[in-house]
Amino acid sequence: MTVGEWLRSRSPRPPAALSARLDAVLVESLGESADRVPDVFLAVGERLVAEMLRNDSTSRDSALDLLTADALLTYAFEAAGGDVSTIDGRAAEAMTRIAALGDADLARA
């Protein structure tokens, strides 16, 4: 199974606009092994949040990107949930990485 197949197997399916945006931000990874979903989705979600912070994207126009980042992180943990022995470490790493984005944004301000 690939990342793209894993994503399309989710139920319920996300709304069309969100599904299209997920495909767009994941385009380079859709053919990778589904085993990579937690790492790929976290990295792409992190990159999307960093881009939003860098561009000061806080208006309603950025809502789809915010929902996409949220979906990526949610799916990353859904996929990682199959291995409960690593979930605590993944959660701590994700929180540290996401929090560091805000710290970097504050440093630029």
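The values are calculated or read from the model by the stated rules, or taken from the named source; none is laboratory data. As the structure is a computational prediction, the values presented were derived from the model and not from experiment. Here the Cβ positions follow ideal geometry from the backbone for every residue, glycine too, while neighbour counts run over all protein chains shown.
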Determine the pairs where a residue that is within 22 Å of Arg90 (Cα to Cα), located within region 23-42, has a partner that is among the small types (Gly, Ala, Ser) and outside any helix (DSSP H, G or I) with Cβ atoms under 8 Å apart, the partner being 6 or more residues away or on another chain.
Arg36/Ser29; Val40/Ser29
So for region 41-51 (the condition being of a type in the set (Asp, Glu), in a loop (DSSP other than H, G, I, E, B) and surrounded by 12 or more Cβ atoms within 10 Å (Cβ to Cβ)), does at least one residue qualify?
no
Search result, residues across region 58-85 that are over 16 Å from Val40 (Cα atoms) and among the β-branched types (Val, Ile, Thr):
Thr58, Val84
Right, Gly4: closer than 15 Å to Leu73 by Cα and in a helix (DSSP H, G or I) or not?
no
If Val27 satisfies all but one of (1) outside any helix (DSSP H, G or I); (2) surrounded by 15 or more Cβ atoms within 10 Å (Cβ to Cβ), what's the number of the condition it fails?
(2)
Those residues that are in contact with a Ser or Thr (Cβ under 8 Å, 6 or more places away or on another chain), modelled with pLDDT of 95 or more, farther than 15 Å from Ala80 by Cα and of a type outside the set (A, V, I, L, M), I need them from region 12-44; list them, please.
Arg21, Gly31, Glu32
